[in-house]
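In what follows, a structure is listed as structure tokens, so that the remarks can point back to it.
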Amino acid sequence: MLRVVSWNINGIRSPLQGLAGQEPSNSPTALRRVLDELDADIVCLQETKVTRDVLTEPLAIVEGYNSYFSFSRSRSGYSECPCLSPGVATFCKDSATPVAAEEGLSGVFATLNGDIGCYGNTDEFTQEELRVLDSEGRAFLTQHKIRTLEGKEKTLTLINVYCPHADPGKPERLTFKMRFYRLLQIRAEALLAAGSHVIILGDLNTAHRPIDHCDASSLECFEEDPGRKWMDGLLSNPGNEAGPHIGHFMDSFRYFHPKQQRAFTCWSVVSGARHLNYGSRLDYVLGDRSLVIDTFQASFLLPEVMGSDHCPVGAVLNVSCVPAKQCPALCTRFLPEFAGTQLKILRFLVPLEQEPVKEQPVLQPSHQIQAQKQPSKARIHSTRLRKTQGVPKRNQKSLMSYFQPSSNLSQTSDVELPTLPLVSPLTSTKTAEEVAMATVVKEKNKVPEAKDEKEVRTAFWKSMLSGPSPMPLCGGHREPCVMRTVKKAGPNFGRHFYMCARPRGPPSDPSSRCNFFLWSRPS
């Protein structure tokens, strides 16, 4: 059996604790634990958000796996965040080592050393357009040898892909997405025509059918979306043998679960929609028709796996993988920074524990021994002098002597002290008990004065620093709201507003968020 899994990991350095517990993501075993718990022969990751200059050895070299990364060469096209890069990565067990590997769909970055080939007719693209489409690191191909139950060996090509997101405010990104879709289809069909089985797996960033979207009825022209039309031409429905839009590939999940509702793979983190499973299905495992019908045994989702806004998807094939004897040249273990040919500067700064070297006596001439003894005596003599120099002289006063009472007053006998007048016997002194009682009464009278002063101070500062006003209550549940900020460009950009704090869900679910909305007053 061959098990393949795809997961939009939303940053390979951040979500590893979703499976690896509290273990830091830079731990040498964190990624290994994630891969082992996914329990797949081939794991395809999307949205790694890592470039080659920041890729660390624990993420690149995992024991028992050979890995392949596609890095973004231009960060400007990443619509989600310009400072990050999309990127994809494929991890293959040593028992599923590919025979060839290639970065990109167009062949622009082909190295002619272990490439896959079969690019199809790309005359509709200019060379510069092909370079731009592959510059964001959104596709990586691995080719494997598989053996069927009948013992026949065949070729299987996996296309790990992260398709672009079409931002409504950026029409140029929709054009980029559709051109990327077109290039993907040309390459996949060219490989299929060359005799290889093909699997396209990853984040396609399109919910194909209304059943794949939580609220398709509220979207205008759902069926007319360009991305959905493209998928109509790429895929064929299960059981359809003829028709105007019979594609070469099949959605493996819908082949096994054609009517399963609420089978989503992506949720909004901000609205907490995953709590009520209010999302969409954007991640797929697509296979050519004969492969899905003849060799696919199952197709599944793993919504229980946390750590990203997506969940893993996968499939099981009734074939075995024939590993290559050597990894392709694009394997990360062959990169100079990980192959041992280039040492990192940190290795030179690691402190080394050295055993103390025991001095062994060396025979020296007698005149040298005496010459060494003489300076040692002088050194001892100088240290003794230095110690005696610190002792104060007898006539020198220390600093503490100035803080002692002077002895001159006791020696002067000419000074006469004034005599105090005798106390009259009629005036009786207060006893110690009376003095104590008077002190207690006096302190009790001060307590209310201090208490009143403290209350006045507290009231004053409360009026000056009133703090945040209490959150308003939502209309549907009468619960405290949550404050949000408008991030969409427009006249209200940056304004604060209140909305229901419950997670987003179906409108018919009373436990989901209500439609309460209130603008925050400017402070």
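Defining a contact as two alpha carbons under 8 Å apart and six or more residues distant in sequence, what relative contact order in percent does segment 254-305 show?
Averaging sequence separation for qualifying contacts and normalising by length gives 33 percent for segment 254-305.
Given Lys170/Lys487; Lys170/Lys259; Lys177/Lys488, which pairs have Cα atoms separated by over 25 Å?
Lys170/Lys259
Would you calculate the convex hull of the Cα atoms in segment 165-215 and tell me its volume per residue in Å³?
91 Å³
Listed highest first by mean packing, meaning other Cβ atoms within 10 Å per residue, what order do 247-259, 148-160 come in?
Descending mean neighbour count gives 247-259, 148-160.
For segment 141-209, calculate the relative contact order in percent as a whole number, restricting contacts to Cα pairs under 8 Å that are 6 or more residues apart.
The value is 36 percent.
For a quick check: with amide H placed at 1.01 Å from N, whose amide H comes under 5 Å from Gly475's, ignoring anything fewer than 5 positions away on the same chain?
Under 5 Å from the amide H of Gly475: Phe516.
If you roll a 1.4 angstrom probe over the protein chains with everything in place, what fraction of the accessible area of segment 264-309 belongs to carbon and sulfur, to the nearest %?
Result for segment 264-309: 61 percent of the exposed heavy-atom area is carbon or sulfur.
Which net charge results for the neighbourhood of Pro507, defined as the other residues with beta-carbon distances under 13 angstrom from its beta-carbon, given Lys and Arg at +1 and Asp and Glu at -1?
Cβ neighbours under 13 Å give a net charge of +1.
Can you list, bin by bin at 5 Å, the percent of alpha carbon pairs in segment 46-189, starting at 0?
Result returned by the calculation: 2, 9, 18, 21, 19, 14, 10, 5, 2, 1, 0.
Working with all protein chains in place, sort Lys170, Lys325 by solvent-accessible area computed with a 1.4 Å probe, largest first.
From most exposed to least exposed: Lys325, Lys170.
Can you compute the radius of gyration and Dmax for segment 454-523, using only the Cα atoms, both in Å?
Over segment 454-523's Cα set, Rg and Dmax evaluate to 16.6, 54 Å.
Near the amide H of Phe296, under 5 Å away, which other amide H atoms are found, from residues 5 or more places off or on another chain, if H is placed in the peptide plane?
Excluding prolines and chain starts, which carry no amide H, the hits are Asn318.
Projecting each Cα onto the charge dipole of segment 162-316 (Lys/Arg +1, Asp/Glu -1 at the beta carbon, about the Cα centre), which of His257, Pro303, Ser217 comes out farthest on the positive side?
It is Pro303.
From the protein chains alone at 1.4 Å, what is the descending order of accessible area for Ile116, Ile246, largest first?
Most to least solvent-accessible, the answer reads Ile246, Ile116.
For the peptides 263-269, 203-209, 53-59, what is the packing order when you average, over each peptide's residues, the other Cβ atoms within 10 Å and list the highest mean first?
Final packing ranking: 203-209, 263-269, 53-59.
Please list Trp7, Trp461, Trp519, Trp230 in order of solvent-accessible area, largest first, computed with a 1.4 Å probe with all protein chains present.
The ranking, largest first, comes out as Trp461, Trp519, Trp230, Trp7.
Show me the ranking of peptides 300-313, 481-494, 178-191 by mean Cβ neighbours inside 10 Å, starting with the highest.
Output ranking for 300-313, 481-494, 178-191: 178-191, 300-313, 481-494.
Rg to Rh for segment 139-234: what is it, with Cα atoms only and Rh by Kirkwood?
So for segment 139-234, dividing Rg by the Kirkwood Rh gives 1.07.
Ignoring ligands and nucleic acids, what accessible area does Met464 show with a 1.4 Å probe (Å², nearest 10)?
120 Å²
The values are calculated or read from the model by the stated rules, or taken from the named source; none is laboratory data. The structure displayed is predicted, hence computed values, not measured ones. Please note: Cβ atoms are built from the backbone with ideal geometry, for glycine as well, and neighbour counts cover all protein chains shown. All accessible areas refer to the heavy atoms of the entire protein, side chains included, with ligands and DNA or RNA removed. Shrake-Rupley method; radii C 1.70, N 1.55, O 1.52, S 1.80 Å.
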